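Coordinate-derived values only; no laboratory data. Quick caveat: nothing in here was measured; it's all calculated off a predicted structure. Note that we place each Cβ from the backbone using ideal geometry, even for glycine, and neighbour counts take in every protein chain shown.
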Amino acid sequence: MDVLAHPNPALAQDAAEVDPAADETLRDLARRMARVMYQFSGIGLAATQIGVLKRVIVYDLSDDGSGLVALCNPAIVERSGECEIDDEGCLSVPGISVAIERACEVTCEALSLDGTKVTIEADGLLARLLQHEIDHLNGMLIIDRVEGQDRKDALRRYREAVDAGALPGETSI
Ligand SMILES: [Zn+2]
């Protein structure tokens, strides 16, 4: 399985809410997503990135692959006023990173795969990751988070990276 890359149109779509209690395919979906994430050495992945328009994300911020988390319908319910700018990369925009402003701290509500409600208070890299993956579920990429000349520069660098062979593999829908 491959990760879809910009400009694949699936990446620009809104993903649908899921019901873990009724949808038995979600565990398998999360397993497939984890496999792809580890295969490409990512730290997070949204279902959108493998062409499944369901609101499911996985991430693992551990060094040894022991910290896998899968979330359904993740939503930011609170964010700090304080923001920070940092470079962000994306498996779907391979070969570049883009400086993006994100809230430093967020509170995320979601459902686990067994339907339990979970609340995550996040800061640092996890806060950035959650905002990034939820952007995917809303059809938004890192290049959509910058405007004007910054966006033009990012798109030019991306084209150059693609020309240089930066795609993670053939995209499949
Ligand atoms: Zn991404």
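Would you mind calculating the gained length between THR107 and LEU61 on full extension (0.36 nm times residue separation, minus the Cα-Cα distance), in nm to one decimal? Can you show the working numbers first?
On the way: separation 46, 0.36 × 46 = 16.56 nm, distance 1.74 nm.
Using 0.36 nm per residue and subtracting the Cα-Cα distance, I get 14.8 nm.
What is the ratio of the Cα radius of gyration of the chain to 2.2 N^0.38 Å, with N the residue count, to two decimals?
0.99
Once you list every other residue whose beta carbon is under 12 Å from the beta carbon of MET37, what net charge do they have if Lys and Arg are +1 and Asp and Glu are -1? Show your work: numbers first, answer last.
Values: positive: ARG31, ARG32, ARG35; negative: ASP60, GLU133.
Residues near MET37 contribute +1 overall.
So how much slack lies between GLU147 and SER80, counting 0.36 nm per residue of separation and subtracting their Cα-Cα distance, in nm?
Value of the extension gain: 21.9 nm.
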